[in-house]
1. Can you compute the charge dipole magnitude of the stretch 19-96 about its Cα centre, using +1 on each Lys and Arg Cβ and -1 on each Asp and Glu Cβ, nothing else charged? Give it in debye, rounded to the nearest 20.
2. Helix 34-47 sits at what angle to the longest principal axis of the chain, using alpha carbons and giving 0 to 90 degrees rounded to 10?
3. What is the projected area of the convex hull of the Cα atoms of the chain, averaged over all directions, in nm²?
4. Per residue, how much accessible area does the stretch 27-75 have with a 1.4 Å probe, in Å²?
5. Relative to the longest principal Cα axis of the chain, at what angle does helix 6-17 sit, 0 to 90 degrees, rounded to 10?
6. Can you find, among 81, 92, 26, the residue sitting farthest towards the positive end of the charge dipole of the stretch 1-154, where Lys and Arg contribute +1 and Asp and Glu -1 at Cβ?
7. To the nearest 20 debye, what charge dipole does the chain have about its Cα centre, counting +1 at the Cβ of each Lys and Arg and -1 at the Cβ of each Asp and Glu?
8. Tell me the carbon and sulfur percent of the accessible area for the chain, rounded to whole percent, probe radius 1.4 Å.
Amino acid sequence: MRQLDDTDLEILRLLLEDASRTYSDIAEIVDVSPPTVSDRIDRLREMGVIRRFTIDLDSSKLNDGVSVLVEAELSPTVDDGVLERFAALEDVEHAFLTADSRVFLNANVPEGDVRQLLAGGVDLDLVERFDVSLLVQSEWRPKVKDRDAGTEGGLEQTVRQ
């Protein structure tokens, strides 16, 4: 895989700060042409570095319910598509699957509806146990590491609920 250069990293930092920036705006900051920015972003997408462009919504302001973190220990026999099924559920914001068959879900659910949430992703007979924690705050901070020092770059994006 081709190594990213300083221009690629700066483009990523700028997009983390504001993914709706225009190519012209980015080009002016990194001192290249807008078509060059377009080409580099296309290449970063093809490499899988940029997976998608999206917005981050605070669903607690849009929906009734409570924000929770659910940890569910699943049977080791659960199929490979379980994470995708959980992630596709309307109430789920983030979904993670660990190597030891645990699923972590950040979701906004009506009070008492966690079993129904789990049933949307997997047969409840495959849930060995689950724990629910009420979330009062969360942060998301994607970062781009500096190439030379191996330290994190200066721009961070923070999202709070």
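The values are calculated or read from the model by the stated rules, or taken from the named source; none is laboratory data. Not measured: the values here are computed from a predicted model. Every residue, glycine among them, receives a Cβ derived from its backbone with ideal geometry; neighbour counts consider all protein chains shown. Note: accessible area is taken over every heavy atom of the protein model, side chains too, but ligands, DNA and RNA are not part of it. Shrake-Rupley method; radii C 1.70, N 1.55, O 1.52, S 1.80 Å.
1. On the way: 8 positive and 17 negative charges, 70 e Å.
Roughly 340 debye, rounded to the nearest 20.
2. For helix 34-47, the angle is close to 40 degrees.
3. Working: hull surface 46.2 nm².
One quarter of the hull surface, i.e. the mean projection, equals 11.6 nm².
4. Numbers: 3130 Å² over 49 residues.
On a per-residue basis, 64 Å².
5. Between helix and principal axis, roughly 50 degrees.
6. The residue sitting most towards the positive pole is 26.
7. Working: 18 positive and 35 negative charges, 42 e Å.
Dipole size: approximately 200 debye.
8. Numbers: 4790 of 10210 Å².
On the chain, the fraction of accessible area on carbon and sulfur atoms equals 47 percent.
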